[in-house]
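Okay, so here's the structure we're looking at.
Laboratory data are not the source of any read-out in this text; all were calculated from the coordinates shown. None of the values given here were measured: they were computed from a predicted structure. Using ideal geometry, Cβ is built from the backbone for each residue, glycine included, and neighbour counts are taken over all protein chains shown.
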Amino acid sequence: MISLDVNGTLVQADADGDTPLLWVLRDHLDMTGTKFGCGMALCGACTVHIDGKPARSCVTPVSTVAGKKIATIEKIGETRAGKAVQAAWVAESVPQCGYCQSGQVMAATALLAAIPAPSDADIDAAMSGNICRCATYARIRAAIKRAAREAKVQA
Amino acid sequence: MNAIVNLSRRQFLKLSGGLALGFHLPQSLAQSGPGRTVSTDLAGDFSPNAFIRISPDNTITVIVKHVEMGQGTYTGLPTLVAEELDADWSQIRAEGAPADAKRYNNLFWGEAQGTGGSTALANSYEQLRKAGAAARAMLVAAAAEKWQVPVSEIKVSRGVVSSKNRKATFGELAADAAKQPVPADVKLKDPKDFVLIGKPAVRTDARAKSNGSAIFTQDVKLPGMLTAVVLHPPRFGATLKSFDAAKAKQINGVEQVVAFSTPATNGVAVLAKDYWSAKKGRDALSAEWDESAAFRLGSSEIMNDYKKLATTPGLSARKDGDVDAAFRGAARTLQAGYEFPYLAHASMEPMNCIVKLDGGGCEIWNGEQFQTVDQAVVAKLLGLDAGQVRINQLYAGGSFGRRANPKSDFVLEAAAIAKATNGAAPVKLVWGREDDMRAGFYRPMYYHTLKAGLDAQGNLVAWKHVIVGQSILTGTVFESRQVKDGIDATSVEGAANLPYAIPNLAVELHSPTIGVPVQWWRSVGSTHTAFATECFLDEIARETKKDPFELRRSLLAKHPRHRAALELAAQKAGWGNPKEGVARGIAVHESFKTIVAQVVEVSRKQSSLKIERVICAVDCGVAVNPNIIAMQMESGIGFGLSAALAGAITLKEGIVEQSNFHDYPVLRMKQMPKVEVFIVPSKENPTGVGEPGTPVIAPALANAILAMRGKPIRALPMSSQGVTFV
């Protein structure tokens, strides 16, 4: 039994220590917002925050995150940056198939938490690990900038 | 009729055993909800037809017969209903229709339900407006009866029915409206009165897809369900000889290991309570394969064979005038050959499917693109009637054609595994990325040769186009309808209907049969025909010192829609006004009755190139939702760029060399250019937008590079030609 701090709640999972955090979230804790895309940290669909930093949960053994704060798409809307990002995603009509967007939202939220007014180069650097096969990239860029503006107004 | 329709849907839901039962929903149903199949009608619901349910709480649910895989069906189709219903957009929800070809067939496909060929909105355009108008008429009749006023005195606007000082919501009138007769005929709005059509309605799935609550097949969990991870043979055409599951069974969580075989795939499945245990079990398997009938060629050998075939006479797909005579009389000729690799769809959600066997048949959960085909094929495997195969619709995490497999490969595989376990538990088949990328069903490899004959003034007098590549449709249920005299329509589309005015024109086809499974891929034949024809035309322009835009314009006199799209793109790009350090390329192509023209601007960045901007003009008839049209053009361009820049599946001795996104690179954030989309105003019925943005980008880009460096690109991807991008 492994104890985890997920979105501020202490939860327990009966999983082997080598199980990637992704599958503990999805299959053991029934939190399916975090998505499986490649299993090799190549596409970013599985992005969560570990102690506030974006991480690819598909290659993160669950044994390595005990005692750390894990944040997922299910509750990220309760943070100021997460709420602004999700609202901007709707306002800029970002999602198409939507499968990668949990990971995109988590990566964008971590970016805004670290850099409140990111440049295009900051966005390229932070978001290039997240693939979108619908190629919603231009709208993601616009939504990040919108979220940055709105979060600033609210601050 | 009203009663019958409702009864049949209730019967279906009764058969399906109730979807709510044990269905795991991780989040509350926000906005349009998770995208699952219709829930049951509740007391007081008004369901005037198979597409609409109005509830006493004033929500309007539109039942959508086409899968939502990103292209916007859950918004575009409800817009048609809401327009004629005079509903308020905030009332609208979308739900996926069950598999039932009698009510939910694609009107362009006869009695078959499915999504493809960019037909969802086009085939629904009149059907759903009529459905909305009928519901509106019944709401009006109910209000007239209740208020004792003539129907002519009743107004409906933004979801409110009113007459002088009386008013009621649709929800308040729902129960009374349900008692009204369904009108035999309804009058549709004059387009000048459209309120929602032509406006950028917010997508019904935007919120659920921004907060993780949208439900895909990958997210469905049924009570007692086991996850299956499979081992496929290393080569296409190989079959399982034997396997050793001893080590797999020692893995914690592994419950069963079974062999399976279908007409499309075969292998070994490891079943466990969770994916990771099943995957570890699969990785611990050892198996022996019979490779006596396996495919063992490599990509370069295939291409060499295709090049030889291209020099021999093929089947005629089009013959205008006398090409041979025209070449004999030509002042000069030009020739070029173009090479195209296999391509994987690589949708973000790897293929998956859930199958539950029960006494009454089989129930499937899937982002379902091909209901009628999958029902028939699964029924045959399981010895059932097609009607006993019930399908629950979910959002599809992309598809680009892959989830509409003519052989039902992954759906059938899930059914075969469920059968092999004797239906002991619901089975969720999950392919990893490597399984998905190596499973075949690629966009075929092609080789094209083009030859042009020019007169003394440089006018184009002869055109011969030879295409070599596997047929997608031969050997499928579509062969009888779409393969005529040996010509697979999908192999020559975009080439055999070339719009340019050339007096002597021939298109020939070779369709070699080889053992690599192939399938349509976003925009199908146009993925290669647009590149070959549009790049060759630019080579001709260059050789004859003509402007590529003006040459196209002069050859399109009889195609005003092509010409208008071309002119709009050129005008918006400032064609004719050179920009310092920037080279431009242009291309125009029709696919699925939609015409797209694009101008690409490219600059040099050290030894690489940068795509500065793409200007896209599209004529897709009436623009139902201009925002979604723009999104689909952007998406099609990005998807086409992935293939143009670096996309290739290659074989070595029959083994697929790629496995994941490190060796099958796709477009990422920093490579996505600025895209500006302009819609040609039109009163024609709408045509599709999911695919037609894709085929134009590669030739427009290649033409910009030709303009920049004077050397054509004749093989894709561009990375194979040493052309790289920042």
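For segment B:583-615, which positions are in a strand (DSSP E or B), over 20 Å from the mean Cα position of the chain (by Cα) and not aliphatic (A, V, I, L, M)?
Correct list: B:584, B:585, B:598, B:601, B:603, B:604, B:605, B:608, B:610, B:612, B:613.
State all residues of segment B:629-672 that are farther than 24 Å from residue B:233 by Cα and more than 10 Å from chain A (Cβ to nearest Cβ); if no residue qualifies, say none.
B:629, B:633, B:643, B:644, B:645, B:646
Taking segment A:32-56 on its own, how many of its residues are among the aliphatic types (A, V, I, L, M), facing another protein chain (nearest Cβ under 9 Å) and surrounded by 22 or more Cβ atoms within 10 Å (Cβ to Cβ)? Explain how you work it out, then say what you get.
Residues of segment A:32-56 that are among the aliphatic types (A, V, I, L, M), as a first pass: A:40-42, A:45, A:48, A:50, A:55.
From the residues that got through so far, the ones that are facing another protein chain (nearest Cβ under 9 Å) too are A:40, A:42, A:45.
Checking which are surrounded by 22 or more Cβ atoms within 10 Å (Cβ to Cβ) leaves us with A:45.
So the answer is 1.
Only one of (1) within 14 Å of chain A (Cβ to nearest Cβ); (2) charged (D, E, K, R); (3) assigned to a loop (DSSP other than H, G, I, E, B) is not met by residue B:428, so which one is it?
For residue B:428, the exception is condition (3).
Restricting to strands (runs of 3 or more DSSP E) lying wholly in segment B:55-157: which have 2 or more residues that are crowded, with 23+ Cβ neighbours inside 10 Å?
Counting at least 2 such residues, we get B:60-64, B:92-96.
How many residues, within segment B:617-627, are within 20 Å of residue B:572 (Cβ to Cβ) and either in a helix (DSSP H, G or I) or within 14 Å of chain A (Cβ to nearest Cβ) (or both)?
2
Specify which of the listed residues (B:204, B:169) is surrounded by 15 or more Cβ atoms within 10 Å (Cβ to Cβ), in contact with a strand residue (DSSP E or B) (Cβ under 9 Å, 6 or more places away or on another chain), within 14 Å of chain A (Cβ to nearest Cβ) and not aliphatic (A, V, I, L, M).
B:204
Among the numbered criteria (1) surrounded by fewer than 24 Cβ atoms within 10 Å (Cβ to Cβ); (2) within 14 Å of chain A (Cβ to nearest Cβ); (3) β-branched (Val, Ile, Thr), which single criterion is violated by residue B:614?
Here residue B:614 clears every test but (1).
Mind listing whichever residues of segment A:88-106 are surrounded by fewer than 24 Cβ atoms within 10 Å (Cβ to Cβ) and either more than 7 Å from chain B (Cβ to nearest Cβ) or not in a helix (DSSP H, G or I) (or both)?
A:91, A:92, A:93 - these are the residues of segment A:88-106 that are surrounded by fewer than 24 Cβ atoms within 10 Å (Cβ to Cβ) and either more than 7 Å from chain B (Cβ to nearest Cβ) or not in a helix (DSSP H, G or I) (or both).
Among (1) more than 10 Å from chain B (Cβ to nearest Cβ); (2) under 13 Å from the mean Cα position of the chain (by Cα), which single condition is residue A:73 missing?
The single condition residue A:73 does not satisfy is (1).
Enumerate the pairs (first residue in segment B:632-648 and within 17 Å of residue B:702 (Cβ to Cβ); second residue anywhere and polar (S, T, N, Q)) with beta-carbon separation below 6 Å, excluding pairs fewer than 6 apart on the same chain, so at least 6 apart or on different chains.
B:636/B:694; B:639/B:694; B:640/B:694; B:646/B:719
Considering segment A:128-154 alone, what residues qualify as being in contact (Cβ under 8 Å) with a residue 24 or more places away in the chain and either farther than 20 Å from residue A:77 by Cβ or of a type in the set (A, V, I, L, M, F, W, C) (or both)?
Listed by number, the residues that qualify are A:129, A:131, A:132, A:133, A:134, A:140, A:142, A:143, A:144, A:147, A:148, A:151.
Give me a count of the residues in segment B:158-205 that are within 23 Å of residue B:45 (Cα to Cα), assigned to a loop (DSSP other than H, G, I, E, B) and of a type in the set (Gly, Ala, Ser).
So the count comes out to 3.
How many residues, within segment A:111-128, are surrounded by fewer than 21 Cβ atoms within 10 Å (Cβ to Cβ) and more than 8 Å from chain B (Cβ to nearest Cβ)? Let's see the steps before the verdict.
At the first step, the residues of segment A:111-128 found to be surrounded by fewer than 21 Cβ atoms within 10 Å (Cβ to Cβ) are A:113-117, A:119-122, A:124-126, A:128.
Keeping just the survivors that are more than 8 Å from chain B (Cβ to nearest Cβ) gives A:113-117, A:119-122, A:125-126.
The total comes to 11.
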